[in-house]
């Protein structure tokens, strides 16, 4: 076992961070490393970032760990600055899939990267997991490489890749890595380090929960998915593979799954068991410096967003079709204790740059804090993707008092003046959380409450596995009534998705009219991006809902996606021409007056698809 890293108040400031070079290794008293992490993100020593969190956890258990953040993958010497690690290298593409990080939904190159100093783009490669793994294997011949993070996690099986518009093999195969850890990976990486220290090789470990490995012979008693060749050529096989894999996502009863890739098999073991509350508390009590590495001279946008925020829990049981959170964090809610969260808030309040505002207390869905299954036996055999669709599970325990009392305790701290909830909230849960709802509107909305109904079409909401317009309308009425009673000027800002599978132009017209009739204006529209591992991506690729077998409309042309987005932003004058095109395309010219304030377009009068509005011409 490696010596345990210690911290002392009189050490040089570089020991506030884990080593990134030889000088910092010497400050820690280390001559070599046990494990080397390579990350596509800048090094921010904060628990909101996966690589620093796992690295801190390993150090607390006695391992010597270094971090190479955004190294030049084209230069082997950039990877050798701390020498060859004793056990293995661990590679992550970063907090985002590198292709999502680099390209918009229109496949255009982004000009910035929020996880890089100065927000500059280009600090990581495309398909970062593959590129970094190849670079590490070139720099250290024979060194085992373990891959993880969101990019590896969601690409662990054959998957549809939006940017190449084809089915790609498991990233484990393409990267030629020895082992893949998926999910949040705390338990998996600790067990892996212990077994490697005892003499095992990552590529030979085939029974580690939360891992995937390549096998030449399929193990017995596994669920076999359609092969890579089958899912590449048969949409029905692709959908079947998704459904089979999803059924085995329960860490308590899920079976190992295998998928053939040529002459080899990708073996994916069941997920790791969720962390207990005490285990989660211990992780967030680790000595993070809560700052970017001291060598950086430019601000990092992602850090500025989360600097004074608190993660209260992880996991989401919403089961939304477009979301990959459950595939990565799981649907089981793992909540920290209130004392742990209060302690972190007190630590934040001592920061010399803290100005009294905690920007967020939440998780993937803020108001799921403390929620759980009330039937332990059913919990360990459940195979539902979510707990809310099509109807809330009768075993779901909806917490109200603990979530509301947590907010009250945080804002009662002496140095804390404001506490906001910036994480998303599930509106249909708020109906059953009167105390939390009251606390939220009374103290934790900064004038504008951002909510994400995603659609206001009942048909599309069902395909998204989201509550429909009736639920949103009821929430909106309660929000406005309660705000009036509080004598507060507060408004709702809805976030919407354009181009989601199942959504046609006519559906988007209904959504735009709902917004108009309820006095709402959308500030931000997300264009649907088919990311690996989601139900919606299956629908986008195959045109069929794999769970119902029903065909769904898929907006794949850039023009239709643009028109859908324009309908959501119909209040902007520059979108008038696109709105008129959309209305004519679906035969809804009668809605022009309500959306634009103009008279309806005459049914027999064609709207030119090339003519631009005068305002747009002037801008050009």
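The values are calculated or read from the model by the stated rules, or taken from the named source; none is laboratory data. Fair warning: this is a prediction, and the values are worked out from it, not measured in the lab. Methodologically, a virtual Cβ is constructed for each residue, glycine included, from the backbone with ideal geometry; neighbour enumeration extends over all protein chains shown.
Output the residue which, of all residues in the stretch 1-25 that are surrounded by 20 or more Cβ atoms within 10 Å (Cβ to Cβ) and more than 16 Å from residue 69 (Cα to Cα), is modelled with the lowest pLDDT. Going through the qualifying residues, I end up with 5. Residues in the stretch 59-88 that are under 16 Å from residue 43 (Cβ atoms) and not in a loop (DSSP other than H, G, I, E, B): 59, 65, 66, 67, 68, 69, 78, 79. In the stretch 266-287, the qualifying residues are those that are out of contact with any helix residue (DSSP H, G or I) (no Cβ under 8 Å at 6 or more places or on another chain) and assigned to a loop (DSSP other than H, G, I, E, B), and the one that is surrounded by the fewest Cβ atoms within 10 Å (Cβ to Cβ) is 276. All conditions in (1) surrounded by 19 or more Cβ atoms within 10 Å (Cβ to Cβ); (2) more than 27 Å from residue 129 (Cβ to Cβ); (3) modelled with pLDDT under 95 hold for residue 28, with the sole exception of (3).
Yes or no, residue by residue, for (1) outside any loop (DSSP other than H, G, I, E, B); (2) closer than 21 Å to residue 420 by Cβ:
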residue	(1), (2)
289	no, no
297	no, no
310	yes, yes
316	no, yes
322	no, no
327	yes, no
332	no, no
340	yes, yes
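Would you say residue 354 is touching a residue at least 40 places away in the same chain (Cβ under 8 Å) and touching a helix residue (DSSP H, G or I) at 6+ places or on another chain (Cβ under 8 Å)? Lay out the reasoning, then the answer.
Details: touching a residue at least 40 places away in the same chain (Cβ under 8 Å): yes; touching a helix residue (DSSP H, G or I) at 6+ places or on another chain (Cβ under 8 Å): yes.
Considered against the rule, which asks whether it is touching a residue at least 40 places away in the same chain (Cβ under 8 Å) and touching a helix residue (DSSP H, G or I) at 6+ places or on another chain (Cβ under 8 Å), residue 354 comes out as yes.
Looking only at the stretch 301-339, which residues are over 22 Å from residue 245 (Cα atoms), in contact with a strand residue (DSSP E or B) (Cβ under 6 Å, 6 or more places away or on another chain) and buried (at least 23 other Cβ atoms within 10 Å of the Cβ)? Spell out the reasoning first.
Looking only at the stretch 301-339, we keep the residues that are over 22 Å from residue 245 (Cα atoms), and these are 301-313, 334-339.
This time we only want the ones that are in contact with a strand residue (DSSP E or B) (Cβ under 6 Å, 6 or more places away or on another chain), so: 303, 308-310, 312-313, 334-335.
Matches in the stretch 301-339: 310, 312, 313, 335.
Residue check: residue 557 meets all listed conditions (1) surrounded by fewer than 20 Cβ atoms within 10 Å (Cβ to Cβ); (2) within 23 Å of residue 503 (Cβ to Cβ); (3) at pLDDT 50 or above; (4) in contact with a helix residue (DSSP H, G or I) (Cβ under 9 Å, 6 or more places away or on another chain) but one, namely (4). Just one of (1) within 30 Å of residue 522 (Cβ to Cβ); (2) surrounded by fewer than 16 Cβ atoms within 10 Å (Cβ to Cβ); (3) touching a residue at least 24 places away in the same chain (Cβ under 8 Å) fails for residue 391. It is (3).
If we keep just the residues of the stretch 481-514 that are free of Cβ contacts under 8 Å to residues at least 12 places away in the same chain and either assigned to a helix (DSSP H, G or I) or crowded, with 24+ Cβ neighbours inside 10 Å (or both), which is nearest to the chain's Cα centre (by Cα)?
Of the stretch 481-514, the ones free of Cβ contacts under 8 Å to residues at least 12 places away in the same chain are 481, 484-485, 487.
Filter once more, so that each one left must be either assigned to a helix (DSSP H, G or I) or crowded, with 24+ Cβ neighbours inside 10 Å (or both): 481, 484-485.
Details: 481: 33, 484: 35, 485: 36 Å.
Step by step, filter the stretch 481-514, then rank; the result is 481.
Residue 466 - would you say it is in contact with a strand residue (DSSP E or B) (Cβ under 9 Å, 6 or more places away or on another chain) and not in a strand (DSSP E or B)? The answer is yes for residue 466.
Can you pull out the residues in the stretch 389-417 that are more than 26 Å from the chain's Cα centre (by Cα) and outside any loop (DSSP other than H, G, I, E, B)? Scanning the stretch 389-417 gives 401, 405, 408, 409, 411.
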